[in-house]
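Asker: Take this structure, written in structure tokens, and hold onto it; I'll ask about it next.
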2 protein chains.
Amino acid sequence: MFREKIKVLDCTIRDGGLMNNHDFDPRFVREVYKALSEAGIDYMEIGYKNSKRLFNPKEFGKWKFCEDQDIKKVIEGIDSRTKISVMVDVDRVDIDDILPKQNSPVDMIRVAAYVKDVDKAIFLANHFADKGYETAVNIMAISRALDNELSECLQQLEKECKAGIINIVDSFGSLYQETTEFLIKKAKSILKTKEVGMHAHNNQQLAFANTIEAIIHEANYVDTTIFGLGRAAGNCPTELMLGFLKNPKYDIRPILDVISKEFIPLQKKIEWGYFIPYAITGILDEHPRAAIALRESDKKENYREFYESLVGEVGE
Amino acid sequence: MFREKIKVLDCTIRDGGLMNNHDFDPRFVREVYKALSEAGIDYMEIGYKNSKRLFNPKEFGKWKFCEDQDIKKVIEGIDSRTKISVMVDVDRVDIDDILPKQNSPVDMIRVAAYVKDVDKAIFLANHFADKGYETAVNIMAISRALDNELSECLQQLEKECKAGIINIVDSFGSLYQETTEFLIKKAKSILKTKEVGMHAHNNQQLAFANTIEAIIHEANYVDTTIFGLGRAAGNCPTELMLGFLKNPKYDIRPILDVISKEFIPLQKKIEWGYFIPYAITGILDEHPRAAIALRESDKKENYREFYESLVGEVGE
């Protein structure tokens, strides 16, 4: 009943870090790693590799930089087959910070880029591949990509990039299933030698559905987060994905435990999930930053005014 | 871009009533009716027509009985093209309580029934159709229906029932898109002279997705609720559906307003939405009653034990 090729990459700490300046306590990160390991999850994405010359370490938590020594402290002594992934953003990483694979606890490096930055993404992915890492490119804001530019981007990735996986990223949570189907089929038709993955946001409660849709159309890599933790509306919940996939190597129970023990208390400190301003930015195919700002203001439940402020900005 | 035939039935008060013994303040119900009317929603389902000889009116709110006089008080003086729907359950309604259509504020009566009760459902729907009402049959717990029995049920509805609409009800929130597609296609293939509708539950965050899936496969009636209010995990959110449908007759803004003003405060009194015990019953295709009981107990965050209690009950 299951498709063995499907791999789950849990990016709870990486995407969730966008809601708390990547400032998760190492104890919490270790509990997440333990739960993912026991659950049989294939990859854990633990944060970003950002340059400390571009971002002040005093203003951010450890997981914006993911020093190898910090990763080692989190994972040491835990029996696990879960690989470690980190993300890098174009123009924010210092490639000299990245040691050769054999000297690092990191297994995979994913390069996040907009369509327009595909050349930079290819350079980075190839550089990290040459250092021995598994690599992936995540194409962000896919809902804003023009079809001809996306075609060229995918063709270039197929021809010039050593990354084994290309992920479609619905940054704004604006895709419906039919567009997800269109995009995954398109990616599969061009990326003959690579795997395709899906990273969905939950603004319209469609992250899980769009990830299933991607699986139906042969995506084999899926991004999930525990209890949906992630930027704004969050992501496709790991626990729901494990309920859907029938691969006997996965066990939902450690995920249920860590939600009870760690994520229910966390809800008192960080807000994520289905809130109307995030639904509005999803419906309107907008970045959630205005909605996140609204939720931090005293107008946080003033939905109509927020909606009007976004749809009012029209003009030829 | 839009399909004119699609009608939205908002059942906020009816399905939400399952979480508070149908005890909504008439002022609240009137605000909901006003918002739905301004938003251009086609139907509002306001509650159940239950027999007062079977249920003690002192133990339940007005919307378990939906006396015509109570409905009239809620809707009078409001300019509206939104029709009023009520639901009846097999074996719980006294048909003599239902006046002829011309003497009632009700436009539509929907009969909720399991596959096994199709004969009773047909009797009731035909009786109400003869009294002048629009009628529908909602086939509950569709995820538990055996295929041959469902076929027979649908064939009988097509041949013997005067109801114009047959709704597929995912009572447990356990359907994925592929099964939704299968069921809607099956219903459409047998119900040649009727419309097909979808009523989804959100246990696995798939209520909106499965309703879109039903629309893709030619369902023209969709059930929604404001802010997803409904039993346990709730339903397909009205606001998301209006963002999806492109019919210019709908306006999302009155829905955003009523969420701000009425539903955010309501969240302090009633719990609904995505909670792990509801996700678990959805994944396991179980009625949510055990999960609802858990949420009312002091073990409400003890997810693993709850999961084990459900999967432990196996045996040939």
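No value in this document is a laboratory result; all are computed from the given coordinates. If you're wondering where the values come from, they're calculated on a predicted model, not measured in any experiment. Every residue, glycine among them, receives a Cβ derived from its backbone with ideal geometry; neighbour counts consider all protein chains shown.
Asker: Of the DSSP beta bridges with both residues in chain A, give the percent that are antiparallel, rounding to the nearest 5.
Answerer: Numbers: 1 of 35 bridges.
Percentage antiparallel, nearest 5: 5.
Asker: If you don't mind, another one. Can you find, among B:Val29, B:Asn167, B:Phe123, the residue farthest towards the positive end of the dipole of chain B? Put +1 on the C-beta of Lys and Arg, -1 on that of Asp and Glu.
Answerer: Checking the options against the dipole of chain B, the answer is B:Val29.
Asker: Just flag the GluC sites (Glu not before Pro) in region B:32-107 sitting in loop per DSSP whose Cβ has no more than 14 other Cβ atoms within 10 Å. Mind dumping the intermediate values first?
Answerer: Working: sites: B:Glu38, B:Glu45, B:Glu59, B:Glu67, B:Glu76; in loops: B:Glu67, B:Glu76.
Here the GluC sites (Glu not before Pro) that fit, given the DSSP loop and packing criteria, are B:Glu76.
Asker: Still on this structure, I have one more. For region B:102-249, rounded, prolate or oblate, judged on the Cα gyration tensor with a ≥ b ≥ c (square roots of eigenvalues), a/c < 1.5 rounded, else prolate if a/b > b/c?
Answerer: On the way: a/c = 1.65, a/b = 1.23, b/c = 1.35.
Oblate.
Asker: Checking the a/c ratio against 1.5 first, then a/b against b/c, what shape does the Cα gyration tensor give for chain A?
Answerer: Values: a/c = 1.27, a/b = 1.09, b/c = 1.16.
It is rounded, given that a/c, with a ≥ b ≥ c, falls under 1.5.
Asker: Could you please rank A:Thr135, A:Thr12, placing first whichever residue has the fewest other Cβ atoms within 10 Å of its Cβ?
Answerer: On the way: A:Thr135 25, A:Thr12 31.
With the fewest neighbours first, A:Thr135, A:Thr12 line up as A:Thr135, A:Thr12.
Asker: Would you list A:Lys58, A:Lys261 from fewest to most Cβ contacts within 10 Å? Present the calculation step by step, with values, prior to reporting the outcome.
Answerer: On the way: A:Lys58 5, A:Lys261 14.
Least to most surrounded, the residues fall as A:Lys58, A:Lys261.
Asker: Nm distances between the label at B:Asp285 and the same-position labels in the remaining copies, 7 Å along Cα→Cβ, shortest first?
Answerer: Ordered by distance, the counterparts are at 3.8 nm.
Asker: Report, in debye and to the nearest 20, how large the dipole of region A:191-316 comes out about its Cα centre when Lys and Arg carry +1 and Asp and Glu carry -1 on their Cβ.
Answerer: Using Cβ point charges on Lys, Arg, Asp and Glu, region A:191-316 gives about 520 debye.
Asker: Exceeding 28 Å between C-alpha atoms, which entries from my cross-link table qualify? They are B:Lys83/B:Lys120; A:Lys162/A:Lys188; A:Lys7/B:Lys7. Walk me through the intermediate numbers first.
Answerer: On the way: B:Lys83/B:Lys120 25 Å; A:Lys162/A:Lys188 16 Å; A:Lys7/B:Lys7 40 Å.
Over 28 Å Cα-Cα: A:Lys7/B:Lys7.
Asker: Quick one: among A:Ala290, A:Ala233, A:Ala112, which has the greatest mean-square fluctuation in a GNM of chain A with alpha-carbon springs under 10 angstrom?
Answerer: Between A:Ala290, A:Ala233, A:Ala112, it is A:Ala290 that shows the largest mean-square fluctuation.
Asker: If you don't mind, there's one more thing I want to ask. So which residue, out of B:Asn302, B:Asn126, B:Asn235, gets the largest mean-square fluctuation from a GNM of chain B using Cα contacts under 10 Å as springs?
Answerer: B:Asn302
Asker: Something else now. From other protein chains only, count the Cβ atoms within 10 Å of every residue's Cβ in B:258-268, then give the mean.
Answerer: Working: counts 2, 5, 8, 3, 0, 2, 5, 1, 0, 0, 0.
Partner Cβ neighbours, averaged per residue: 2.
Asker: Any idea what Rg and Dmax come out to for region A:55-121 if you just take the C-alpha atoms, in Å?
Answerer: 13.5, 42
Asker: For region A:204-280 and region B:172-208, what is the separation of their C-alpha centers, rounded to whole Å?
Answerer: For region A:204-280 versus region B:172-208, the Cα centre distance is 23 Å.
Asker: Please name which of A:Tyr250, A:Tyr278, A:Tyr307 has its Cα lying farthest along the dipole of region A:185-316 towards the positive end, using unit charges on Cβ (Lys, Arg +1; Asp, Glu -1) and the Cα centre as origin.
Answerer: A:Tyr250
Asker: Something else about it: Shielding of A:293-305 by partners, i.e. mean partner chain Cβ atoms within 10 Å per residue? Before the final figure, lay out the partial values.
Answerer: Working: counts 0, 0, 0, 0, 0, 0, 0, 2, 6, 3, 11, 10, 3.
Other-chain Cβ atoms within 10 Å of each residue's Cβ, averaged: 3.
Asker: Another question about this same structure. If each label sits 7 angstrom from Cα along the C-beta direction, how far apart, in nm, is B:Lys246 from its counterparts in the other copies?
Answerer: Reported distances to equivalent positions: 3.7 nm.
Asker: Neighbouring Cβ atoms within 10 Å as the yardstick, rank A:Cys66, B:Cys153 fewest first.
Answerer: Values: A:Cys66 27, B:Cys153 24.
Fewest-to-most ranking of A:Cys66, B:Cys153: B:Cys153, A:Cys66.
Asker: For region B:7-266, give the magnitude of the charge dipole about the Cα centre (Cβ charges: +1 Lys/Arg, -1 Asp/Glu; no others), in debye to the nearest 20.
Answerer: On the way: 34 positive and 40 negative charges, 54 e Å.
Roughly 260 debye, rounded to the nearest 20.
Asker: R0 = 30 Å: FRET efficiency of B:His287 with A:Ile78, Cβ-based, nearest 0.05? Walk me through the intermediate numbers first.
Answerer: Working: r = 38 Å, r/R0 = 1.27.
Rounded to the nearest 0.05, the efficiency is 0.20.
Asker: Based on alpha-carbon atoms only, what is the radius of gyration of the protein assembly as shown relative to the globular estimate 2.2 N^0.38 Å? Write down the numbers at each step before the final one.
Answerer: On the way: Rg = 25.4 Å, N = 632, 2.2 N^0.38 = 25.5 Å.
Compactness ratio reported: 1.00.
Asker: I would also like to ask the following. Using a Förster distance of 25 angstrom, determine the FRET efficiency expected from the C-beta separation of A:Asn21 and A:Leu99, and round it to 0.05. The partial results should precede the final answer.
Answerer: Values: r = 25 Å, r/R0 = 1.00.
Between A:Asn21 and A:Leu99 the formula returns 0.50.
Asker: Find which of A:Ser260, A:Ser189, A:Asn220 sits farthest along the positive direction of the dipole of chain A, computed with +1 on the beta-carbon of Lys and Arg, -1 on that of Asp and Glu, about the Cα centre.
Answerer: Value: A:Ser260.
Asker: Report the Cα centroid-to-centroid distance between region A:60-128 and region B:59-105 in angstrom, as an integer.
Answerer: 61
Asker: Just to be sure I understand: with springs between alpha-carbon atoms less than 10 Å apart, which residue in A:Asp130, A:Asp96, A:Asp147 has the highest mean-square fluctuation in the Gaussian network model of chain A?
Answerer: The residue with the greatest mean-square fluctuation here is A:Asp96.
Asker: Additional query: Let me know the shape class of region B:164-289, please: from the alpha-carbon gyration tensor, a ≥ b ≥ c as square roots of the eigenvalues, rounded when a/c is under 1.5, otherwise prolate if a/b is greater than b/c, or oblate. Walk me through the numbers before you get to the answer.
Answerer: On the way: a/c = 2.41, a/b = 1.22, b/c = 1.98.
Verdict is oblate for region B:164-289.
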